[in-house]
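Reviewing the structure listed below.
Please treat every number below as a calculation from the coordinates, not as lab data. Note that this is a predicted model, so its numbers are computed, not measured. Every residue, glycine as well, gets a Cβ built from its backbone with ideal geometry; the counts of neighbours run over all protein chains shown.
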Amino acid sequence: MNKLDGFLKITRMKNNRTTGPGRNNIARAKNQYTDFLVKEPTELMEFLAARMPDASRTKLKMLLSKRVVFVDNVITTQYNFPLKPGMKVQISRNKGNKEFHNKLLKIVYEDAYLLVVEKMQGLLSVNTEREKERTAYSILTDYVKKSGRNNRLYIVHRLDRDTSGLMMFAKDEMTQHTLRDHWKQIVYDRRYVAIVSGNMEQNAGVVRSWLTDRTLYVYSSPTDDGGQEAITHYRTIKRANGYSLMELMLETGRKNQIRVHMQDLGHPIIGDGRYGLEEVNPLDRLALHAFKLCFYHPVTGERMQFETPYPAEFKKLMLKRAPSNER
């Protein structure tokens, strides 16, 4: 057993010993699925028929079309999907996982325990005390409730309203606790792409400061003033047209961390009216996108890697333009 397996096993054992309402919710979540282990090569339809001999092929096809069949934690609708020994097939006892369509959100990955989504800019991750509008959390909660009215989502982390990109939610309380309590051990790579004002002097570097949240503004100190330590690694991908395309990796995840650290470097993110120059906004949005999210699955321990392309408008802005006298 490696360190990660041991960590996950101990975490689950601790969570299973919890008492009160949380434990009942966890038990219900675990009972929502029937699990089967694949022992020999076959196709999904034949496997289901062998495990459910009383079900007609029409009923089995209906299970697939209702998106309640998972192969290794991924919803699978392909009837002839090839199965290999060691794979796990799960059948949800819910009514069905509905197709999801929303212009502000895209589901990148879904299994029995997690949802990984790509959020568009302009959408809040969750409600705040001051704002009670539609959020990624409320939209996705409506989605999971279509498959069962007792289904819920649990918040794991957030993206700023004006930041686009990858984020995840848990489907049960135990998974949420595992992710939140052991975030640093589970999430092993989280990266952003940004466009900042001016030509970044360094090709790569690290920003370290202590951040203090004053609600409307996060203040940065180069020395420990009692704030939270924040560390951002950066790499300059390209310089063009008076801007720099940056790739950023978070060692910590503080509120507004990347935006504040780019301001500390003297190259604020374009479109950032709070920590930069409001008038420098050629894309009409904050040029910050969470493009990579890699973690160990909190239940299976598998390495999960998700990556989105850099936004098309970022690439377009960074195309080198010919001088005006050459046009």
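Key figures for this structure:
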item	result
Cross-link pairs K61/K145; K84/K146; K171/K315; K171/K238 - those with Cα-Cα distance over 29 Å	K84/K146; K171/K315; K171/K238
Protection proxy ranking of 272-280, 250-258 - average other beta-carbon atoms within 10 Å, highest first	250-258, 272-280
By average C-beta atoms within 10 angstrom, highest first, the peptides 302-308, 261-267	261-267, 302-308
Sorted peptide list for 113-120, 71-78, criterion being average Cβ within 10 angstrom, highest first	113-120, 71-78
